[in-house]
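A.B. asks: Pasting a structure below so you can have a look.
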Amino acid sequence: MVSSNSPTAPLIIIIGITGSQGSSVARALLASSKPYRLVGVTRDASKPASKAWIEKGLTLKELTVAVGNEEAVKKAFGGADAVFAMTDSWAHFDFQREVAEGKLLVDAALSAKVKLFIWSALESLSDLTGGKYPGCTFYETKAEITRYLQASGQAYALVQPACYFSNLLVSLNLYTPRLQPDGTYLLALPSAPKSTMAWFDAPVDYGLYVRAVLENPGVGEGAEVLCGSEASFEEVVEVLSRVTGKTVKYKQVGKDEFFELFKDLGKVRRNPSLFQRLRAG
Ligand SMILES: NC(=O)c1ccc[n+]([C@@H]2O[C@H](COP(=O)([O-])OP(=O)(O)OC[C@H]3O[C@@H](n4cnc5c(N)ncnc54)[C@H](OP(=O)(O)O)[C@@H]3O)[C@@H](O)[C@H]2O)c1
């Protein structure tokens with residue numbers, strides 16, 4: 001369970017080591033029977049989540065992925081066998097910025113001759129729905145970066161995260177069941193109760209998929225991995241009720257009722273233009 005010092009162990013650079021996905025990748029690789037030299041990237045090596053990794057013996061590099069910082073990113077990727085890369089839409093919800101930072105990561109990997117770029121991709125909801133849902137920034141940014149990556153000549157694998165189960169527990173999240181006056185909890189979304197989507201426990205599961213890319217024959221370069229297991233909203237609230245001992249119900253709501261609920265959510269409140277865009281879309 002320690003990062004290897006052997007120069008023959010593959011060198012893996014992990015963007016977002018202090019976050020859900022990156023930390024999961026680090027844990028899964030540390031738990032592997034194969035040795036890896038892990039280097040985590042953070043903008044702040046003095047914060048508690050960074051210090052926790054340093055105490056576990058990992059090397060952390062302070063690096064900001066940002067336009068203007070291309071040379072530093074390229075330098076950080078030097079000698080890497082693989083880079084795990086993610087971008088953080090929720091930090092700013094700026095389409096142009098996220099795409100620019102994603103492309104910058106791809107360019108840096110190419111210049112540094114990184115052998116494999118493992119990208120936390122998402123598909124274009126606009127493409128999947130024939131243009132019906134065009135404005136979902138955090139999908140479209142990832143899809144745009146994926147297109148750039150695929151055209152770049154950089155060796156890559158795509159590992160698409162599922163919806164995190166933790167979204168159900170984060171206060172004021174879209175997927176958080178809300179306490180009702182009768183003491184029960186209600187998850188209210190526009191989706192039909194039996195409609196399914198892929199879910200997973202990101203901090204635990206995500207890294208296992210990334211590890212499969214590095215270790216499992218037949219996955220590797222060019223793989224497009226979809227994480228998680230399909231579950232309907234009915235099933236989700238049934239499991240939530242069982243594991244929490246609370247009564248959690250699901251209700252399909254119309255667009256107007258949904259937006260009434262949604263407008264109170266914390267992230268949207270901090271970003272009113274997002275709410276306006278969603279409502280318009
Ligand atoms: N929640 C979901 O259900 C879900 C599902 C699929 C995909 N996603 C996507 O997952 C992404 C978030 O991943 P996560 O959950 O792992 O995030 P997270 O736990 O919030 O962590 C964000 C990480 O990104 C790093 N980071 C952010 N901006 C950076 C920059 N400019 N340069 C270097 N590092 C930077 C942070 O590092 P430091 O702060 O240490 O510098 C931190 O480690 C989002 O883009 C979201 O769209 C989420």
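The values are calculated or read from the model by the stated rules, or taken from the named source; none is laboratory data. All of these numbers come straight from a predicted model, not from anything done at the bench. Here Cβ is always computed from backbone atoms with ideal geometry, including for glycine, and neighbour counts include all displayed protein chains. Surface accessibility is based on the protein's heavy atoms, side chains included, excluding ligands, DNA and RNA. Shrake-Rupley method; radii C 1.70, N 1.55, O 1.52, S 1.80 Å.
A.B. asks: Check Phe77, Phe95 and return the single one that is under 28 Å from Ala212 (Cα atoms) and in contact (Cβ under 8 Å) with a residue 24 or more places away in the chain.
C.D. replies: Phe77
A.B. asks: Give the stretch 100-115 a look and list any residue that's in contact (Cβ under 8 Å) with a residue 40 or more places away in the chain and over 22 Å from Tyr206 (Cβ atoms), or say none.
C.D. replies: Lys103, Asp107, Leu110
A.B. asks: Under 7 Å by Cβ, and 6 or more places apart or on different chains, what pairs join a residue from the stretch 205-228 that is of a type in the set (Lys, Arg) with one that is surrounded by 13 or more Cβ atoms within 10 Å (Cβ to Cβ)?
C.D. replies: Partner pairs satisfying both residue conditions: Arg211/Ala28; Arg211/Leu29; Arg211/Ser32.
A.B. asks: So Pro35 clears everything in (1) within 21 Å of the chain's Cα centre (by Cα); (2) surrounded by fewer than 20 Cβ atoms within 10 Å (Cβ to Cβ) except one condition, right? Which one?
C.D. replies: All conditions pass for Pro35, except number (1).
A.B. asks: Please specify each residue of the stretch 47-59 satisfying the condition of being open to solvent by 70 Å² or more (accessible area, probe 1.4 Å) and within 15 Å of the ligand (Cβ to nearest atom).
C.D. replies: Lys47, Pro48, Lys51, Ile54, Thr59
A.B. asks: Next question. I'd like the full set of residues that are part of a loop (DSSP other than H, G, I, E, B) and either within 9 Å of the ligand (Cβ to nearest atom) or without any contact (Cβ under 8 Å) to a residue 12 or more places away in the chain (or both), limited to the stretch 9-43.
C.D. replies: Gly16, Ile17, Thr18, Gly19, Ser33, Arg43, listed by residue number.
A.B. asks: Ok, one more. Taking Ser124, is it surrounded by 16 or more Cβ atoms within 10 Å (Cβ to Cβ), within 11 Å of the ligand (Cβ to nearest atom) and not charged (D, E, K, R)?
C.D. replies: Taking the combined requirement at face value, the residue does not satisfy it.
A.B. asks: With respect to Gly57, is the statement that it is part of a loop (DSSP other than H, G, I, E, B), more than 16 Å from Leu116 (Cβ to Cβ) and out of contact with any His (no Cβ under 6 Å at 6 or more places or on another chain) true?
C.D. replies: Yes; evaluated as a whole, the condition is true for this residue.
A.B. asks: Let me ask you something else. I need every pair where a residue in the stretch 116-141 that is assigned by TED's automatic domain parsing to the domain that holds Ala157 has its Cβ under 6 Å from the Cβ of a residue that is buried (at least 16 other Cβ atoms within 10 Å of the Cβ) and of a type in the set (D, E, K, R), sequence separation at least 6 or different chains.
C.D. replies: From the stretch 116-141, the pairs are Ala121/Lys142; Leu122/Lys142; Ser124/Glu140; Thr141/Glu98.
A.B. asks: Filter the stretch 62-120 for residues that are of a type in the set (D, E, K, R), part of a loop (DSSP other than H, G, I, E, B) and in contact with an Asp or Glu (Cβ under 9 Å, 6 or more places away or on another chain) and give the result.
C.D. replies: Asp88, Lys115
A.B. asks: Restricting to the stretch 133-166, what's the tally of residues that are part of a helix (DSSP H, G or I), within 11 Å of the ligand (Cβ to nearest atom) and either of a type in the set (Phe, Trp, Tyr) or open to solvent by 10 Å² or more (accessible area, probe 1.4 Å) (or both)?
C.D. replies: Selection size over the stretch 133-166: 7.
A.B. asks: Return only the number of the condition from (1) surrounded by fewer than 22 Cβ atoms within 10 Å (Cβ to Cβ); (2) touching a Gly at 6+ places or on another chain (Cβ under 6 Å) that Ala100 does not satisfy.
C.D. replies: Among (1) surrounded by fewer than 22 Cβ atoms within 10 Å (Cβ to Cβ); (2) touching a Gly at 6+ places or on another chain (Cβ under 6 Å), the lone unmet condition for Ala100 is (2).
A.B. asks: Filter the stretch 62-75 down to residues that are more than 10 Å from the ligand (Cβ to nearest atom) and surrounded by 13 or more Cβ atoms within 10 Å (Cβ to Cβ) and give me whichever is nearest to Phe117 (Cα to Cα).
C.D. replies: Lys74
A.B. asks: Please work out which residue is modelled with the lowest pLDDT, limiting yourself to the stretch 223-253 and to residues that are open to solvent by 40 Å² or more (accessible area, probe 1.4 Å) and of a type in the set (Gly, Ala, Ser).
C.D. replies: It comes out as Gly245.
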